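A quick write-up on the structure given underneath.
Derivation of every value follows stated rules applied to the coordinates shown; laboratory data play no part. This one's a predicted model, so the numbers in the text were calculated from it and none came from an experiment. Note that each Cβ is placed from the backbone with ideal geometry, even for glycine, and that neighbours are counted across all protein chains shown.
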Amino acid sequence: MSALAWSLLAGLVRVAWLRAVPPAVAWDGIIYERTAQRIAQGMGFVDTYNNLPPYLPTAFYPVGYPALLGLAHAALGPGLWVAGALNVAAAALTTAAVFALARRAYGAPAAHLAAGLYALSPGAVLYTSTLMTETVSAALLVGAIALAERYARDRRAPVALAAGLLFGLGGLVRPQSLLLAPIVALLASPSPRWAARARTLALVGVACAAVVLPWTIRNCRALDGCALVSVNGGSNLFIGADPDAGGTYRPLRRGEGCGPVLTEVAKDRCYGRLALRRIATHPMRWVGLMPAKLQALLDYETAPAAYLAEAGALSPAAAARAGRWLTAWHRLVCALALVALVARRDPLPRAAALSLGAVAGSLAVHAVFFGGDRYHMVFLPLLAVLGGAVLCPTRTP
């Protein structure tokens, strides 16, 4: 099988799943679909959190996914099937990139294993029926890393710019991608000299800025203050610094902290100040929450089934059974990646180093904010790339 064959298989498996369980809305997907419909109607990115007019400009959620979904609705028409089709296309592209990265790093056998680990992942398949950002975010991230690996080989500036554009688009969908861009750029530099590293950073950074800055300017003009992409970073940091949250997400309580502040940017900055104050007051308690955050991120995989249960597409009993299978597969991928990394004694190939760098950066972001098992779906393809190395003989020094 080739990369194309694995991509087709990934797509066919997900289409078959969608025939059994069509896309359904729950969780943040309710907001994303509602906002996408407003965008498709030409209203722009307006507040639909409470779904009450007048609809005012918003940036509480990142714009990228609802905008992409809104454009798809405008082109293809209404219906939740559009989100399913978008997820199928994203998963197929992701699978091709996983195959390419693993083959560059470890050869054909590893590439087939890596592609299979992602293409046939039960959690990734079930997630095709959701209206959540992780599948699209994963495609943009692994695509950017594949381009960065190519730039490391051919040193062509347009390739680095293309990687930066994907990181910028990924940042509009999931702002954490912007934090991963400099890590990947440094690791992708074709030379260890500082001049080469600075050039790579500049190329990737300029392309990222070209995508993100127009949206930032829009926010500065339309909201009560400037926001790079979205305005929930302060509240997320506040939740992540709360010991009662247990290292994962909890809803903000009515009247809590910054409840009287009404405008988006001011409220987010208020929560950010409260979070920094809480961290400064009890820094070791905040550090002590990090293992719980990483455990919530990596220890299990039940979110795809829980989402579908919330949406009424799966019964609670079926979701519980599915969660056990999803967790088992996820732990297998993590175990293969860990074994492959520990067992190898030779330097990591560039493609593997880029994948590991992005995974490590993602772990650091969630250690600062909070964890949740659905968030590892973004870097699941990179774990599959690393796991494929178990089929590559280890060279001793």
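Things worth noting here:
- Test: residue in region 200-220 that is small (Gly, Ala, Ser), closer than 19 Å to Leu169 by Cα, part of a helix (DSSP H, G or I) and over 21 Å from the mean Cα position of the chain (by Cα): yes
- If only residues of region 161-199 that are under 19 Å from the mean Cα position of the chain (by Cα) and in a loop (DSSP other than H, G, I, E, B) are counted, the one that is farthest from Leu228 (Cα to Cα) is Arg174.
- Filter pass, Val13 being touching a helix residue (DSSP H, G or I) at 6+ places or on another chain (Cβ under 7 Å) and under 30 Å from Leu101 (Cβ atoms): yes
- Residue check for Ala320: under 20 Å from Leu380 (Cα atoms) and surrounded by fewer than 18 Cβ atoms within 10 Å (Cβ to Cβ): no
- Scanning region 291-317 for residues that are within 18 Å of Val378 (Cα to Cα) and in a helix (DSSP H, G or I) turns up Lys293, Leu294, Gln295, Ala296, Leu297, Leu298, Ala303, Pro304, Ala305, Ala306, Tyr307.
- At least 1 residues being within 18 Å of the chain's Cα centre (by Cα), surrounded by fewer than 21 Cβ atoms within 10 Å (Cβ to Cβ) and in contact (Cβ under 8 Å) with a residue 60 or more places away in the chain is the threshold, and among the helices (runs of 4 or more DSSP H) wholly inside region 94-160 those reaching it are 122-126.
- Just one of the numbered conditions (1) over 24 Å from Ser129 (Cα atoms); (2) surrounded by fewer than 21 Cβ atoms within 10 Å (Cβ to Cβ) is not true of Gln37: (1).
- Being without any contact (Cβ under 8 Å) to a residue 24 or more places away in the chain, of a type in the set (Lys, Arg) and not in a helix (DSSP H, G or I) is a property that holds for Arg253.
- Some residue of region 42-55 being surrounded by 19 or more Cβ atoms within 10 Å (Cβ to Cβ), over 27 Å from Leu141 (Cα atoms) and not polar (S, T, N, Q): yes
- Test for Val287: is it closer than 16 Å to Pro175 by Cα and part of a helix (DSSP H, G or I): no
- Filter result (within 18 Å of the chain's Cα centre (by Cα) and under 23 Å from Ala306 (Cα atoms)) within region 34-61: Tyr61
- Within region 41-81, the set of residues being more than 19 Å from Leu228 (Cβ to Cβ), hydrophobic (A, V, I, L, M, F, W, C) and assigned to a helix (DSSP H, G or I) comprises Leu69, Leu71, Ala72, Ala74, Ala75, Leu76, Trp81.
- Residue in region 56-76 that is touching a residue at least 40 places away in the same chain (Cβ under 8 Å), in contact with a Gly (Cβ under 9 Å, 6 or more places away or on another chain), surrounded by fewer than 21 Cβ atoms within 10 Å (Cβ to Cβ) and not aromatic (Phe, Trp, Tyr) present: yes
- Within region 81-93, the set of residues being buried (at least 16 other Cβ atoms within 10 Å of the Cβ) and either on the phi > 0 side of the Ramachandran plot or in contact (Cβ under 8 Å) with a residue 24 or more places away in the chain (or both) comprises Ala83, Gly84, Leu86, Asn87, Val88, Ala89, Ala90, Ala91, Ala92, Leu93.
- Ala303, sole failed condition from (1) surrounded by fewer than 20 Cβ atoms within 10 Å (Cβ to Cβ); (2) within 26 Å of the chain's Cα centre (by Cα): (1)
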